[in-house]
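The values are calculated or read from the model by the stated rules, or taken from the named source; none is laboratory data. This one's a predicted model, so the numbers in the text were calculated from it and none came from an experiment. Glycine also receives a Cβ, built like all others from the backbone with ideal geometry; neighbour counts cover every protein chain displayed.
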Amino acid sequence: MTSDFTLEKFSQNPFYQEVNRRLVALAKLRPGQRVVDLGAGTGAVTRLLVAEMANGGSLPVGQGAEVIAVEPSETATEVARRNLENIGDAVVRFVQGGAERFSQLVRKPVDAVFFCNAIHLVKEKAAVVQEAYRSLREGGTFSFNTSFFQGAEPPESFQFYRRWMMKALRNLREKEGLFPDRAQRALARQPLSREEYIALVEANGFHVRENEVVPVPMTLKGFEDISEYSLFIEGAMPGVPLESASKALKYGARGAFEELGLETSPRNWLLVVASKE
């Protein structure tokens, strides 16, 4: 297990790459554009953005093209630098900083801003949307996706999620004598609905061009890998040491998959593309 509990392992899952690729395609990038990858993490989406602007490698990326990877974590940024060091004919610039004030870090107007799988983590979501609006030139696009919203768990997955958490909590109690902090769990932020996300974007000057909910069949490996990501662990088991909580979550996922005879369990992703007009 990585000692830093990054999203690196989860980001390599084919289903995760595909749902991000779908969002990038919906934004209709062109060679030569300047694009921000907000909350870039270890660079999985950054790589997709470069490939999209090059039409899968069949075209040059274009003069003046730039992908600006903005990420608050120094550890994740260093991993991204290593992962992307062999990228060819595109300029990838790394900027360390948070989403709420990124327009101060990216001075010149950009053509597109992507915020993949992270908007649900931000408390002041309106501030991020406003920052995207400030950073974009007229006609530019703000695109985001998330698998943490009201409706992310289809009814057919409810049984799996209940068993997963039940088994994980029991394992944590029996093996470690630990319990999540109930006060922190009670204070957990409620996810927005699809309609609330659309209203948020439109209230801040954007026109929503695309919005869709995509069902994604997640594998056991996917659930095990997300159980090694610090922000997911802290949300699922607040107050529990990361190492202990991660082990319990992985144990619970394996047990639930085995009991229910599953090969995959579905989860919905919300994809939104909005334009500045």
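For this structure, a couple of remarks:
- Residues that are touching a strand residue (DSSP E or B) at 6+ places or on another chain (Cβ under 9 Å), assigned to a strand (DSSP E or B) and hydroxyl-bearing (Ser, Thr, Tyr) are absent from segment 159-173 altogether.
- Pair list, Cβ under 8 Å, 6 or more apart: segment 213-237 residue closer than 20 Å to ASP181 by Cβ, other residue hydroxyl-bearing (Ser, Thr, Tyr) and surrounded by fewer than 22 Cβ atoms within 10 Å (Cβ to Cβ): TYR229/THR6; SER230/THR6
- Helices (runs of 4 or more DSSP H) enclosed by segment 212-277 - at least 2 residues per element that are over 23 Å from LEU121 (Cα atoms): 242-260
- Filter result (surrounded by 21 or more Cβ atoms within 10 Å (Cβ to Cβ) and at pLDDT 85 or above) within segment 80-95: ALA80, VAL92
- Members of segment 109-158 found to be assigned to a loop (DSSP other than H, G, I, E, B) and either within 16 Å of THR46 (Cα to Cα) or touching a residue at least 24 places away in the same chain (Cβ under 8 Å) (or both), listed by number: PRO109, ASN117, ALA118, LYS123, GLU124, SER147, PHE148, PHE149, GLY151, ALA152, GLU153, PRO154
- Count of residues meeting criterion [over 19 Å from ALA54 (Cα atoms), in contact (Cβ under 8 Å) with a residue 12 or more places away in the chain, in a loop (DSSP other than H, G, I, E, B) and not aromatic (Phe, Trp, Tyr)] in segment 1-33: 7
- Taken as a whole, segment 195-212 holds no residue that is out of contact with any Ser or Thr (no Cβ under 6 Å at 6 or more places or on another chain) and either of a type in the set (Lys, Arg) or modelled with pLDDT under 95 (or both).
- Here GLU210 does not fit the description of being within 19 Å of the chain's Cα centre (by Cα) and without any contact (Cβ under 8 Å) to a residue 60 or more places away in the chain.
- Looking only at segment 58-79, and only at residues there that are at pLDDT 80 or above and not aliphatic (A, V, I, L, M), the one that is surrounded by the most Cβ atoms within 10 Å (Cβ to Cβ): GLU71
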